[in-house]
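Each reported figure results from applying straightforward, stated rules to the coordinates on display, with no laboratory input. What you are looking at is a predicted structure, and each value in this text was computed from that prediction instead of being measured. Note: ideal-geometry Cβ built from the backbone for every residue, glycine included; neighbour counts use all protein chains shown.
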Amino acid sequence: LVKNRKIVLVSRPIGWPSLENFRMEEEEIPPLSRGQVLVHHRFLSLDPYMRGRMNDGKGYAPPQPLGQVMLGGTAGEVVASRCAAFSEGDTVVGMGGWQEFSVVDGELPGQLRKVDTGLLPLSAYLGVAGMPGITAWYGVRRILTPRSGTTVVVSTAAGAVGSVAGQLARLAGARVVGIAGSPEKCAYVIKELGFDACINHRAHPDAFSLARALADACPDGIDGDFENVGGIILDAVLLRANPFARIALCGMIAGYNGEPIPLATPQLLLLNRMKLEGFLISEHLDLWPEALAELTQLVASGQLRYRETIAEGLDNAPAAFLGLLRGENFGKQLVRI
Ligand code: NDP
């Protein structure tokens with residue numbers, strides 16, 4: 001029998017979550033049945049969507065059941081297998097959850113994916129070459145379609161999705177302006193990721209102030225917005241948008257803890273004949289192979305850079321998750337297990 005430690009959701013937060021919403025539990029994993037695979041997780045991915053799942057009621061993903069292990073993406077190693085498709089030692093990614101081990105039905109398609117750690121480090125398959133990277137790829141390639149001579153704004157620019165989105169838009173030839181939450185993040189976005197400019201949103205108390213900073217950073221206006229935040233950031237972008245500008249609406253993290261995020265000037269969508277498209281990357285699984293192949297190649301060749309913030313130990317996952325919501329992460333937030 002294998003002893004497993006896991007973190008379960010014990011209560012649903014109202015507003016900001018707290019450590020009390022989570023509890024560590026232990027259990028013994030029984031021997032594998034036919035077709036099953038035992039995965040030892042090395043990395044857990046922490047993502048903003050998990051906040052939505054902690055709520056009851058309608059969201060874009062079903063609620064996380066109380067008393068059960070928190071859902072989440074994992075990267076790890078197969079330590080036992082009764083499935084012909086997987087062998088001991090295979091490195092895999094899946095949705096193993098906030099726990100040390102998971103038992104997966106290896107015969108169900110899409111549950112586990114083998115990854116090549118000769119090409120990229122295992123952790124990268126949860127970030128730049130995983131779900132966040134593919135999200136960026138979709139929003140940039142399929143919605144914004146930037147080209148030389150255009151200007152693209154990217155919010156949460158130092159984060160997992162935003163850092164990739166901005167670099168992809170830059171590789172396509174656009175002028176790219178990031179929005180991030182500290183001078184250190186902005187310096188990283190410009191110097192290491194190659195954005196043309198970056199604005200610290202915390203220096204701007206309202207949309208008009210932020211719009212003035214955007215006017216300076218985007219002298220030719222804004223043609224594309226990779227929107228991860230909403231609230232005053234989206235308001236400010238609308239004030240500087242060009243006719244026929246596009247918005248890839250990827251996230252609205254400014255409202256994930258119940259904050260109201262009304263749109264101040266929606267009439268600008270009409271006046272500028274804009275196209276706003278929301279998307280969920282989970283609905284575009286058919287594009288994952290194409291996107292992953294390209295992202296992996298761009299990282300391996302050094303054209304796409306990334307950074308990770310790694311919390312040590314499963315015990316620290318709840319605190320790291322709260323830190324992610326507060327903006328304490330630089331790049332992809334992971335937990336080493
Ligand atoms: P990040 O790594 O970007 O981490 C979240 C960041 O959000 C924080 O670091 C913080 O950065 C920023 N943030 C938090 N609150 C605010 C606020 N009130 N105003 C401005 N910035 C804030 O996370 P991800 O890259 O994983 O996700 C980024 C966005 O993409 C999220 O909105 C997420 O929901 C969305 N997403 C959507 C998907 C889809 O399929 N549509 C798939 C994956 C992600 P800072 O310090 O810069 O403020």
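Given axes a ≥ b ≥ c from the Cα gyration tensor, I'd like to know whether the stretch 1-147 is rounded (a/c under 1.5), prolate (a/b larger than b/c) or oblate.
oblate
How high is the relative contact order of the chain, in percent, counting Cα pairs under 8 Å that sit 6 or more residues apart?
The normalised contact order for the chain reaches 17 percent.
Can you give the % of DSSP beta bridges in the chain that are antiparallel, to the nearest 5?
Here the share of antiparallel DSSP bridges comes out near 55 percent.
Could you please rank 50, 252, placing first whichever residue has the fewest other Cβ atoms within 10 Å of its Cβ?
Lowest to highest Cβ neighbour count: 252, 50.
Which one, 104, 1, 37, projects farthest toward the positive side of the charge dipole computed for the stretch 1-122 from Cβ point charges (K/R +1, D/E -1)?
The residue sitting farthest along the positive end of the dipole is 104.
Name the residue farthest towards the positive end of the dipole of the chain from the options 214, 262, 190, assuming +1 on Cβ of Lys and Arg, -1 on Cβ of Asp and Glu, about the Cα centre.
After comparing all options, I get 214.
Among 286, 47, which comes first, second and so on when ranked by fewest other beta-carbon atoms within 10 Å?
Arranged by neighbour count, lowest to highest, 286, 47 become 286, 47.
Taking springs between alpha-carbon atoms closer than 10 angstrom, which of 224, 94, 118 fluctuates most in the Gaussian network model of the chain?
118
Given the options 170, 113, 12, state which has the largest fluctuation in a GNM of the chain using a 10 Å cut-off (strictly under) for Cα springs.
Maximum among the listed residues: 113.
With the Cα gyration tensor of the chain in hand, give its eigenvalues times 5 under a square root as the equivalent ellipsoid semi-axes, listed largest first in whole angstrom.
The answer is 36, 22, 17 Å, longest axis first.
How would the stretch 234-337 be classified by its alpha-carbon gyration tensor: rounded, prolate or oblate, with rounded meaning a/c under 1.5 and the a/b versus b/c comparison settling the rest?
Verdict is oblate for the stretch 234-337.
To two decimal places, what compactness ratio does the stretch 62-194 give when its Cα radius of gyration is scaled by 2.2 N^0.38 Å?
Ratio of Cα Rg to 2.2 N^0.38 Å: 1.29.
Quick one: dipole size for the chain, taken about the Cα centre, charges +1 on Lys/Arg Cβ and -1 on Asp/Glu Cβ, in debye to the nearest 20.
Magnitude of the dipole: close to 520 debye.
In nm², what is the average projected area of the convex hull enclosing the Cα atoms of the stretch 146-199?
2.9 nm²
For the chain, give me every cysteine whose Cβ has no other Cys Cβ within less than 4.7 Å, ordered by residue number.
83, 218, 250
Hey, fewest Cβ within 10 Å first, where do 10, 37, 152 land in order?
Ascending number of Cβ neighbours within 10 Å: 10, 37, 152.
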